[in-house]
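Step one of this worksheet: look at the structure below.
Here, each number is a calculation from the coordinates, and none is a lab measurement. The shown structure was predicted, so the numbers you read here are calculated from the model rather than taken from an experiment. A quick note on method: Cβ atoms are made from the backbone with ideal geometry, for glycine too, and the neighbour counts reach across all protein chains shown.
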Amino acid sequence: MITPVIQINNISKSYKTLSVLDGLSANIKAGQIIGLVGRNGAGKTTLIESIMGLREIEGGEIKIWGDILGELTQDQKEQIGFVPQDSIGFEWMKVGHYLEYFGGFFAGFDKDYSQELTKRWKLDNKSRIAELSGGQKQILQVIQALSIKPKLLILDEPVAHLDPNMRRQFLAELVELTCELGTTVIFSTHIISDLERIASHIALLNHGKISHFYELEALKESAASLLFETEVPDHNQFKNLINWQTINQGSKAVLASPNGMSVSEIQQQLGINIQAQPLSLEDWYLEVTNEINS
Amino acid sequence: MTQDRLIQLFSLNTSSGIPIYRQLVDQIKQAVRIGLLKTDQQLPSVRKIASALQINPMTVSKAFAQLEIEGVLLRKRGIGMLVAEIKPQESIPKEVENALSDLVELSRNYQLNDETIMMLLQQSLSANKKGSK
């Protein structure tokens, strides 16, 4: 078996009495682009910072490329790009100086590429970081992370402050990078339409665990809102159907997981007419998080 | 059409609920059917399409693989994907086209919207698949 890029085994983390990660496990394989989603406060940043070794976990272990987090070699660490959610600090530095300084820590740092991106994304090497807008600070961190040509790229809401044009340009660059290097990516965001484009898998963080982890295309192929012409008596038999409602003499439910019966199999089993309307990823997310919180 | 211009064929909708690879498959087939893509014409590479449309490269590969299975595209080693020769039996008989346009007209007369018409077709297709097993 090929060793996964990231193995997370039963990790826990709490802040005082608040449990944020609670026995979370996940395996992330080479080349996967994982869209990490979840409500505010679900623990996405805590999970990402734990993977980056910036948070001490209380139980369990995290391995990257098969090695325990604390024992990564310098060479391995230099292959990991990271864009944190918080602003970068170093406000007194100038853009060009910042890139040069942090690039120096990474053997793979491609200065020409960093300058190409700086120019293309209209940053001025001579601007002081303090003078940049929130979006420009984010772009600078993205440039720094992409320019080390990472094998693993971890992005914590990297595009929250970017306008749609910049977001698309960033996504295009991310696609180029994954094509060139087969980079594995973890991407946390609330902009679900971005994930719908570039994610290979969707991971939903909820109550301290990854409650849903699906291949995106398989999920999109199956996720649907279903209308049943009559009431469905024993609906617990359909494990992948959630949010049941009664509408006059009929029922409504959401097919929320590719693991389970398909619409035509359900139709065959029940022998009643079902109307299926495909769901966008955002609608799927809203339905699933509604169910969890109801 | 140059390869770069070919990218303009695609128009993706992420809120439709239809998987992106299927949108690509449908749009390439449509372009072949109406003659915008010609036999032996080369499609842009996976990387070019993925980057231009900002989508996962695996999604493009999956669409290409599907179109290869269906005989719409040919994979040529060292070159890429070419539009396959359109076989006569794959061209759509006039009666089918007429029946379809009658169906659409009838459905519109009953005020059915496009999504409903698509859904009815899909239901009818999956019902037929079951029967033929």
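Quick notes
- Label-reachable residues, the stretch B:23-54, where backbone N falls under 16 Å from a point 7 Å from residue B:108's Cα toward its Cβ: none
- Helices of chain B meeting both criteria, an alpha-carbon length of 15 angstrom or more along the long axis and an average Kyte-Doolittle score not below 0.5, with helices taken as full DSSP H segments, are B:57-69.
- Extents of chain B, largest first, come to 49, 36, 33 Å (Cα atoms, principal axes, whole angstrom).
- Spatial separation of Cα centroids for the stretch A:132-206 and the stretch A:29-79, in angstrom: 16
- Assuming charge only on the beta carbon of Lys and Arg (+1) and of Asp and Glu (-1), the dipole of chain B about its Cα centre is about 600 debye to the nearest 20.
- Per residue of peptide A:169-175, the mean number of Cβ atoms on other chains within 10 Å of the residue Cβ is 4.
- A DSSP coil position with no more than 16 other Cβ atoms inside 10 Å describes the following GluC sites (Glu not before Pro) in the stretch A:1-58: A:56, A:58.
- Estimated FRET transfer efficiency when R0 is 45 angstrom, pair residue A:209-residue A:161 (beta carbons, to 0.05): 0.95
- For the stretch A:103-120, backbone nitrogen atoms closer than 18 Å to the point 7 Å from residue A:77 Cα along Cα-to-C-beta are found at A:103-109.
- Each residue, residue B:97 and residue A:264, gets one label point 7 Å from its Cα in the Cβ direction; the gap between the two is 2.8 nm.
- FRET efficiency, 1/(1 + (r/R0)^6) with R0 35 Å, evaluated for residue A:227 and residue B:27 via beta carbons: 0.75
- Ordering of B:43-53, A:272-282 by packing [mean C-beta count within 10 Å, highest first]: B:43-53, A:272-282
- Kirkwood's formula applied to the C-alpha pairs of chain A gives a hydrodynamic radius of 20.9 angstrom.
- Ellipticity estimate at 222 nm from DSSP helix runs (n ≥ 4, -39,500 (n - 2.57)) divided over chain A, nearest 500: -9500 deg cm²/dmol
- Paramagnetic reach from residue A:181 in the stretch B:56-82 [backbone N under 17 Å; point 7 Å along Cα→Cβ]: B:57
- Qualifying trypsin sites (Lys or Arg not before Pro) for the stretch A:125-163 [loop in DSSP, other Cβ within 10 Å: at most 12]: A:126
- Note on residue A:245 and residue A:273: their simple-model spin labels are 2.1 nm apart, each label 7 Å out from Cα toward Cβ.
- Positive-end ranking of A:72, A:45, A:82 along the dipole of the stretch A:37-86, with charges on Cβ about the Cα centre, is headed by A:45.
- For the peptide A:273-285, the mean number of other protein chain Cβ atoms found within 10 angstrom of a residue's Cβ is 3.
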